[in-house]
Amino acid sequence: MEPFKLPDDFLFGTATASLQIEGGDRNNSWFRWAEERHIKDGSHCIVACDHWNRVEEDIELMKALNSHTYRLSMEWSRIEPEKGKFDDEAMAHYRWEIEKLTAAGIVPLVTLHHFSNPLWFENAGAWANPQSVELFERYVEYVVKNLGDLVADWVTINEPNVYAFSGYVTAEWPPGKSSTADYLKVSRNMIVGHLRAYRKVHEVRSKMGLSGTMVGVAHHLRILEPKHRTAPERLLARLADYLFHEIFVVGTSEGKLLPPLGWGYPVGKGRYLDYFGVNYYSREMISLSSNPAMLFVKLERNEGAPVNDLGWEIYPEGLYRFCKKYWERYRVPIWITENGTCDASDSIRARFIYDHLWQIKRLIDDGVKVERYYHWTLMDNFEWLEGFSARFGLYETDFQTQKRTLRPSGGFYAEVSKNRGVTQEILDSLG
Ligand code: FCB
């Protein structure tokens, strides 16, 4: 390992999602999913990290990390607990949280949808409902009218590809369906939902006389590689890449629906991104299967490669490959909206961070405008289907006592943020 420096205006921070940390809300799709005992380790999101009651304490944790920015999400079910009825108190709570962040010198990046839905929306068919786009847009308008003066930077939707795939193909996430027809509807509606939200955020903020609005999607990007590099596998890997990445990226960035989602431009040809958001974790190998529901695609880990606690391959080069590709295509700033690893013993996280930041340095040297890095995540939290067992935090969370303890890798990250790079001194302290 050698020292390196990122630009002085590069922003470091962490990312979280409301459902994973806040606790206290019974009105959303993941609360019900946990009640129905789908979580692998039997844990539950009803308390999570109790962040709703510990905002100030948690901002102190960010300050101790020398964070310049923080990505948080709004819980739609709190803000609009019943269809068309908005809760000004919940909104005031988020406003207060954002004021606290700003006062601490931490730039907020606000996600409007991060996997969880209000129950009324879920019961009405969630994103498969033809009205979902209008319903989402109305909620977006309310939030931006209430926060737009404080928040310039927005993520409309987190990982629409993962949401649609896990909820409507593998059926592991709510609403637990395996329906190609619904999968296509959901994907299409989320894309159009983003396009309309993109316009809405800009419209509301510009009516307030504000400029500098930055809106994008946090895309889940996973390197998909043919296992044996045979011609059929290469074809299959390209198909998987097209269905998992391309139709979502082109749809949300250019406003264009590609087959099998549809054709043409549902809300008009344009550019619907001010930055390109990258959530990057891993790589998977593709081979042929006999499962038509997965389009004969088999996903496997790369045998012999380094992995984290969840068996995800650690493949930093993939971050370089994706950022380069989408920079060359769209020429907008790239924000790494998520990157991190599951490592309960904290034995690989610091090196993981180093290796991924090194790729960012390479990208910047090659002229790619990478501007921000959000580490996933601030503290161990409710990791969806994996529950509390999956430990992604820079702080370790004791879910009994709610005590947060800085991990050594968190200390490393704090120093890197402070120096906007890795100094020899930091490397020496790693031992
Ligand atoms: C991403 C999600 C995030 C977290 C990480 C580990 O796909 O956006 O909420 O679960 O994975």
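So what is the calculated 222 nm ellipticity per residue for the chain, using -39500 (n - 2.57) for each DSSP H run with n of 4 or more, over all residues, to the nearest 500 deg cm²/dmol?
On the way: 15 runs with 168 residues, N = 431.
So the helix-based figure for the chain works out to -12000 deg cm²/dmol.
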Can you list the lysines whose alpha carbon is less than 19 Å from that of residue 200, not counting same-chain residues fewer than 8 positions off?
145, 256, 269
Point-to-point label distance, residue 87-residue 242, nm (Cα→Cβ direction, 7 Å offset)
4.4
Going fewest to most other Cβ atoms within 10 Å around each Cβ, 361, 5, 269, 200 line up as 269, 5, 361, 200
Nonlocal amide H pairs with residue 276, under 5 Å, H built at 1.01 Å
334, 335
Between residue 395 and residues 5 or more places away or on another chain, which pairs have amide H atoms under 5 Å apart, with H built 1.01 Å from N, and which residues are they?
379, 380, 407
Sticking with the crude label model, points 7 Å out along Cα→Cβ, report the distance from residue 56 to residue 36 in nm, one decimal please.
4.0
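Counting only GluC sites (Glu not before Pro) that are in a DSSP loop and have at most 10 other C-beta atoms within 10 Å, tell me the longest site-free stretch of the chain.
Numbers: sites that count: 36, 303.
No qualifying site falls inside 37-302, the longest such stretch.
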What does a probe at residue 138 reach in the range 174-208, counting residues whose amide N is under 19 Å from the point 7 Å along Cα→Cβ?
189-190, 192-201, 204
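Among the listed pairs 177/325; 100/369; 40/185; 298/361; 325/369, give every one whose C-alpha distance is greater than 22 Å.
Numbers: 177/325 33 Å; 100/369 29 Å; 40/185 28 Å; 298/361 34 Å; 325/369 12 Å.
Among 177/325; 100/369; 40/185; 298/361; 325/369, the Cα-Cα distance tops 22 Å for 177/325; 100/369; 40/185; 298/361.
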With a cut-off of at most 10 other beta carbons within 10 Å, and DSSP calling the residue loop, which chymotrypsin sites (Phe, Trp or Tyr not before Pro) in the range 222-284 qualify? Please list them.
263
Checking a compactness column here: for the chain, what do you get for Rg(Cα) / (2.2 N^0.38 Å), N being the number of residues?
0.93
Amide proton proximity set for residue 282, modelled H, under 5 Å, gap of 5+
223
Site residue 149, offset 7 angstrom along Cα→Cβ, radius 20 Å on amide nitrogen, limited to the range 197-214, gives 201-214
The ³J(HN,Hα) series, computed from each phi in the range 139-152 with the Karplus coefficients 6.51, -1.76 and 1.60 at θ = phi - 60°, rounded to the nearest Hz and given as x for glycine or proline, is 5, 4, 4, 4, 5, 5, 4, 8, 10, x, 6, 9, 10, 9
Relative contact order (%) - criterion: Cα under 8 Å, at least six apart; region: the chain
20
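Taking R0 as 30 Å, what FRET efficiency do you get between residue 345 and residue 424 from their Cβ-Cβ distance, rounded to the nearest 0.05? The partial results should precede the final answer.
Working: r = 26 Å, r/R0 = 0.88.
The value I calculate is 0.70.
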Alpha carbon centre of the range 341-362 versus the range 91-133: separation in Å?
29
Would you mind getting me the FRET efficiency between residue 230 and residue 4? Use the beta-carbon distance for r and R0 = 25 Å, nearest 0.05.
0.05
Along the range 212-225, what does the Karplus equation 6.51 cos²θ - 1.76 cosθ + 1.60 (θ = phi - 60°) give for ³J(HN,Hα), rounded to whole Hz, x for Gly and Pro?
x, 5, 10, 10, x, 10, 8, 8, 7, 10, 10, 5, 10, 10
Which is farthest toward the positive dipole end of the chain among 67, 197, 28, measuring Cα position about the Cα centre, with Cβ charges +1 (Lys, Arg) and -1 (Asp, Glu)?
197
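Every number here is computed from the coordinates shown, using simple stated rules; none is lab data. From a predicted model like this one, the values you see are computed outputs, not experimental measurements. Every residue, glycine among them, receives a Cβ derived from its backbone with ideal geometry; neighbour counts consider all protein chains shown.
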